[in-house]
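Each remark here refers to the structure printed beneath this line.
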There are 2 protein chains.
Amino acid sequence: MISKGLPGFRDFPPEDFALRAHIFRVWREVAARYGFEEYDGPPLEPLDLYTAKSGDEIVGQLYNFVDKGDRQVALRPEMTPTLARMVGARANGMKKPIRWFSIPQLFRYERQQRGRLREHFQLNCDLIGEAGPLADAEIIALSIDMMRGFGLGPQDVRVRVSDRLFLSSALRQLGIADAMTPLVFQAIDRIEKNAAAAREMLDAHLDTVTVAGVFRLTDPAHRAELRRSISAATHFGAALNALDEMGFGEWIDFDPTIVRGLAYYTGTVFELFDAKRTLRAICGGGRYDTLLGSLGGADLPALGFGMGDVVLGELLKDRGLHPSVGASIDVFVAAVTPADVEHVLKLSHELRDAGLRVEFALNTQAVGKQLNLANARGARLAVVIGPDDRARGEVQLKDLVYKTQEAITDSSLASHLSSLVNDSRLTTPNG
Amino acid sequence: MISKGLPGFRDFPPEDFALRAHIFRVWREVAARYGFEEYDGPPLEPLDLYTAKSGDEIVGQLYNFVDKGDRQVALRPEMTPTLARMVGARANGMKKPIRWFSIPQLFRYERQQRGRLREHFQLNCDLIGEAGPLADAEIIALSIDMMRGFGLGPQDVRVRVSDRLFLSSALRQLGIADAMTPLVFQAIDRIEKNAAAAREMLDAHLDTVTVAGVFRLTDPAHRAELRRSISAATHFGAALNALDEMGFGEWIDFDPTIVRGLAYYTGTVFELFDAKRTLRAICGGGRYDTLLGSLGGADLPALGFGMGDVVLGELLKDRGLHPSVGASIDVFVAAVTPADVEHVLKLSHELRDAGLRVEFALNTQAVGKQLNLANARGARLAVVIGPDDRARGEVQLKDLVYKTQEAITDSSLASHLSSLVNDSRLTTPNG
């Protein structure tokens, strides 16, 4: 008996693959408009690629094992270490800024909760070698244009942006010592959901006035005022202004509670959420100017984001923006008698050579049954060939949507059908 | 320090990714013309999915391990068992024949020889639910049209076809008992390369007359005669005739030495090789009518093939049919002074919204340096914006290939550039 697949891993039969293909296609089209080039790395990597970045704690969440050559290996849980290795190996010869993207499948052994997946596909876009604020605006703009590419607008998705440098400076003004910053960052990361954030800070011997200051700093009521305090002369202020000039102002929410858990971010941080906040984050990213150097690769400033296929797919389905299941063929070619099959084979391949998607019956069947198959495939057109048609050098062309039929000269069929199908892909409901 | 990748695994920086993307694109386009729909499954599967099909011997060649939930798992070495599971789960509701394809990355832990890879991508096309000979012709035709899609012709690639039923019957006529057929199949599989095939048969106590008969049967000198002996009334003969009628006759070499090692093939078997025979097989496949049922899935006749990206990529490079490294952008937008940057941002995003691939400098640079970057990206066009241009509502449009420059009204730029770029993609050498 055939075993089931592993829990947390998805099969993609064609009806599910269509959504994945749509997501990948939009990702690729939008990335190309920003001059980003696609790369990929191996899904299996040396384990130390990940422990070097994240410490040994990460191992508990990985699919790691010892291979038959006694190497410690792991299925990739993220793309950045592979990117660092690839860029490190060739950064000297490359024109900066480097604009690279990838769509790796990533793996984590998470204890399974309510259908939580152990794999997903994640768009990774990274901009390497530029320290200035326009780079921050450019990478955030790219994440927004990804949303626009799917038909989503600022009423569907919000971009919550902050800056760790801005936040550090604000905390310093509250009298919080630099050594306490990581702990307060952690508390702020949870401040929306969890009043225990206050407890954490008090337990760390911050006084109540300071803790109240942190709450005031992150209070939504004070956000507009705080935003006005960000000078255009700062990196963060310049990046926010550039996003306005690019036309993305109405997507942006300045939000000082966005710190992102990962320790390596050095400046701008941002996350995209559905506007109703019913789903997990669609996208997260930020500036990581010291990471590539610390991993032993090229010492270059960089920033980027990751955008998974799962939450995005849920949002698209929720908004009715997923692709409908389309036709798998354009034309079905049917033989009336076995003597017509030779002609069906020849004609079908002429039509395929013209770029049409073509199917024909692979065994002897009544025409009615062949047309049933044509309908099941969603074919717009059927070509029926019988002995009388062949004698006249014609074929019968049926429009399966409009239920019409006409005789067409055999020799003009391919060009006639190509133009018909190109039209119908634009005008029929499931084209 | 960043560790290297694992031996046998490829990085795909953009210059290498381009060939992979080209191969995938042609595979998808041609598969669509045959009405094939794309699916995918998990790269990690339960180990017993593979041992059920291939026995415990297969484990020595797998990337297998015990996951953190104590499951025996393996990176997929082939796609057929996953396909069997997915089809088995939904075959009842599906219209036959099922036409499915996939492009999985596959993994084998092979002892490394001369750069032999441990992963590759493999196009898998399968046609399920049709026992008749037109199905055999259709799947072989699909493999040939894949070659044509890459610009390869019958002078580049040969399709070597045989039929296990035909061969079994020929061996029976030589007086070889059915029980000996597998051993003789194995010997024939090696007969081209290895005279020791004779020794194997003699050691198995076949007499010299019979062994001589096997050699005569597989002798290239007798092939045309043998081909003529195949009746059009047989399944194999009907499939070969259909390939002629489809227009693929000149690709086909009937070759009784093609048996394919895998035990589960039940009829037609075929392999595609480069005509010079300097490379390994490009593609291999055949009919496997009992496999899906024996794996506990749907008991349906089926046939299919696998085509890897590695040998095919070598052949395309050898023939100069790989894509040249193209431009990563269409248009570069340059600011003359810092005061022009706001306009550059606005205009760049208008051009991106028009579908153009656009880049601009992310920091303040002299125009000359910006144009260097434009050239490095392969841009055909540059738009230069200075204070005087802005005052006149114009921009300077430079053609970087033909070294021309003209002033264009700002408002008409997007449509003007779109048409220029669409032209130039057809006419410039690296478009």
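The values are calculated or read from the model by the stated rules, or taken from the named source; none is laboratory data. The shown structure was predicted, so the numbers you read here are calculated from the model rather than taken from an experiment. FYI the Cβ positions are ideal-geometry reconstructions off the backbone, even for glycines, and counts take in every protein chain you see. Just the protein is used for accessible areas: all its heavy atoms, side chains included, with ligands, DNA and RNA removed. Shrake-Rupley method; radii C 1.70, N 1.55, O 1.52, S 1.80 Å.
Assorted remarks:
- Judged by the ratio a/c of the largest to the smallest principal axis of the C-alpha gyration tensor, region A:1-147 counts as oblate, that ratio being 1.5 or greater while a/b is no larger than b/c.
- Percent antiparallel among DSSP beta bridges (both partners in region B:331-421, rounded to 5): 55 percent
- Label-to-label distance, nm, for residues given as residue B:407 and residue A:364 (7 Å Cα→Cβ offset): 7.9 nm
- With coordinates expressed along the principal axes, the C-alpha atoms belonging to region A:14-318 extend over 58, 46, 44 Å, beginning with the largest.
- Label-point spacing for residue A:326 across the identical copies (point 7 Å from Cα in the Cβ direction), in nm and ascending order: 1.9.
- Relative to the longest principal axis of the Cα atoms of chain B, the long axis of helix B:164-173 lies at roughly 20 degrees.
- Reducing region A:350-383 and region A:385-414 to their Cα centroids gives an inter-centroid distance of 13 Å.
- Residues of region A:297-431: accessible area per residue with a 1.4 Å probe, Å²: 43 Å²
- Most mobile listed residue (B:285, B:55, B:41) in chain B, GNM with C-alpha springs under 10 Å: B:55
- Peptides B:25-36, B:288-299, ordered by how many other C-beta atoms sit within 10 Å of their residues on average, highest first, read B:25-36, B:288-299.
- 3J(HN,Hα) couplings calculated from phi for region A:106-111 with the Karplus curve 6.51 cos²θ - 1.76 cosθ + 1.60 (θ = phi - 60°) are, in sequence order, 10, 9, 9, 8, 9, 4 Hz; Gly and Pro show x.
- Phi to ³J(HN,Hα) by Karplus 6.51 cos²θ - 1.76 cosθ + 1.60 over region A:330-342, Hz, x for Gly, Pro: 9, 9, 10, 10, 10, 9, 7, 10, x, 5, 8, 4, 4
- Tensor-based shape of region A:331-421 (alpha-carbon gyration tensor, a/c under 1.5 rounded, otherwise prolate or oblate): rounded
- Across identical copies of the chain, residue A:411 has label-point separations of 5.2 nm, listed in ascending order, with the point defined 7 angstrom from Cα along Cα→Cβ.
- Shown for residue B:365: label points 7 Å from Cα along the beta-carbon vector, and their distances to the equivalent points in the other copies, 6.0 nm in ascending order.
- Pairwise centroid distance, computed over Cα atoms, of region A:147-175 with region A:61-119, Å: 26 Å
- Remark: mean inter-chain Cβ contacts per residue of A:244-257 equal 2, using a 10 Å Cβ-Cβ cutoff to other protein chain atoms.
- The mean sequence distance of close C-alpha pairs (under 8 Å, at least 6 residues apart), as a share of the length of chain A, puts its relative contact order at 15 percent.
- Taking amide hydrogens as placed 1.01 Å from N in the peptide plane, the amide H of residue A:100 sits under 5 Å from those of A:37, A:126, A:128, each at least 5 positions away in sequence or on another chain.
- Measuring nothing but how far apart in sequence close Cα pairs (under 8 Å, 6+ apart) lie, relative to its length, region B:292-431 scores a relative contact order of 22 percent.
- Of all beta-carbon atoms in chain A, the one sitting closest to the axis that brings chain A onto chain B gives A:65, 2, with the distance in whole angstrom.
- Peptides A:137-146, A:231-240 ranked from most to least packed by the mean count of surrounding Cβ atoms within 10 Å: A:137-146, A:231-240.
- Straight-line reach from residue A:68: taking Cα to Cα under 20 Å and skipping same-chain neighbours fewer than 8 places apart, the aspartates and glutamates in range are A:45, A:48, B:45, B:48, B:56, B:57, B:67, B:70, B:78, B:110, B:119.
- Other-chain or far-sequence residues with amide H under 5 Å of residue A:163's (modelled H): A:269
- Axis of helix A:367-376 versus longest Cα principal axis of chain A: the two differ by about 10°, to the nearest ten degrees.
- 3J(HN,Hα) from dihedral phi, region B:402-414, Karplus parametrisation 6.51/-1.76/1.60, rounded to Hz, x for glycine, proline: 8, 6, 10, 8, 8, 8, 10, 5, 3, 5, 9, 4, 4
- Looking at region A:44-91, the accessible area is 34 square angstrom per residue; that uses a 1.4 Å probe and ignores ligands, DNA and RNA.
- Dividing the helix sum by the residues of chain B, where each DSSP H run of 4 or more adds -39500 (n - 2.57), gives a mean residue ellipticity at 222 nm of -11500 deg cm²/dmol.
- Neighbouring Cβ atoms from other chains, within 10 Å of the Cβ of residues in B:132-145, number 2 on average.
- Counting protein heavy atoms only, region B:14-318 has 49 percent of its accessible area on carbon and sulfur, 1.4 angstrom probe.
- GNM flexibility winner over chain B from B:132, B:304, B:284 (Cα, springs under 10 Å): B:132
- Top of B:101, B:65, B:24 by mean-square fluctuation, Gaussian network on chain B, Cα under 10 Å: B:65
- Accessible surface buried at the A:B interface totals approximately 8000 Å², computed with a 1.4 Å probe on protein heavy atoms.
- Averaged over A:288-297, number of beta-carbon atoms from partner chains that fall within 10 Å: 1
- Cα gyration tensor, the protein assembly as shown - rounded (a/c under 1.5), prolate or oblate: prolate
- On full extension, the segment bounded by residue B:227 and residue B:415 gains 61.6 nm, given 0.36 nm per residue less the C-alpha separation.
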